[in-house]
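Laboratory data are not the source of any read-out in this text; all were calculated from the coordinates shown. Remember, predicted model here, so these are calculated numbers, not experimental data. Cβ sites come from the backbone with ideal geometry, for glycine too, and all protein chains shown count toward neighbours.
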Amino acid sequence: MEMPKLDLSNAFTPHAVLRFSLHQATRCLRFGAENDVKRLLEESVRADGRGDWQAAIQSRYQALRLLSEAAARIARMLARPRHFTFTDEWVQQARRFLAAQTVIFLHHVLSHLQNLLFFVVAGLVLMLLAITYYPFQPREWLLWFNWLVILATVSLTIVVFVQMGRDRVLSLLANTVPGQITWNREFLLRMLLYVVVPVLTLLGAQFPESMRRMLSWLGAFQNS
């Protein structure tokens, strides 16, 4: 069983990561709550099938709490190597189990960050469209204010994505090269959604005729 890759461009599959954590936990120690975790994960899957997301989250939370208790035990054992005798295989299994717990935590945090960026960018685009299509005055000053806010947001977004792409821990969990920006589908999709789209919207509001002409050229090029 391989550990699921940390990929924010696809839907997160918490059941797969939790099952992987359970599998690694049973190989590291005598995990007495194994049956409880399996039962909770099955209940979570059934709740997701019924559309009861609250019950699904509650069951996953209880399963994660039991796995977190096992992770705390393993971390304490690794912190006191003189009191225990470890084999290299056991240490590797323990590290994989702790890495799976880290994937769950990081994906939870980064998913909230991605949702925050999405709603911030969507709010700015909607504000720009409101200024463009409604006779707010003074219009030019409001447009310049949108230029400032959107460009500042886009710049900070680029900095965040670059730092995330070069982070060693995130790179190892995503199977990319640490310290370098990997121009994969996930990175390009985020740049397109949170950088290119707001900038094009801003240019379209400031120079509407030029954007219409460009779109007409693109339409003619596709038709040809």
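For segment 14-103, the square roots of the Cα gyration tensor eigenvalues, ordered a ≥ b ≥ c, give a/c of at least 1.5 with a/b greater than b/c, which places it in the prolate category.
Among THR85, ALA33, GLY49, whose Cα projects farthest towards the positive end of the dipole of segment 14-103, with charges put on the beta-carbon of Lys, Arg (+1) and Asp, Glu (-1)? Going by the Cα projections, it comes out as THR85. Using every pair of distinct Cα positions in segment 104-223, the Kirkwood expression returns a hydrodynamic radius of 16.3 angstrom.
Between LEU192 and LEU172, residue separation times 0.36 nm minus the direct Cα-Cα distance comes to 4.8 nm. Compared with the direct C-alpha span, the chain from ILE181 to ARG27 gains 51.9 nm at full extension, assuming 0.36 nm per residue. Taking θ as phi - 60° and the Karplus parameters 6.51, -1.76 and 1.60, the scalar couplings of segment 171-181 work out to 5, 5, 6, 9, 6, 10, 7, x, x, 10, 8 Hz in sequence order, x denoting glycine and proline.
In this simple spin-label approximation, GLN206 and GLN137 carry label points 7 Å from Cα along the Cα→Cβ vector, and these lie 2.5 nm apart.
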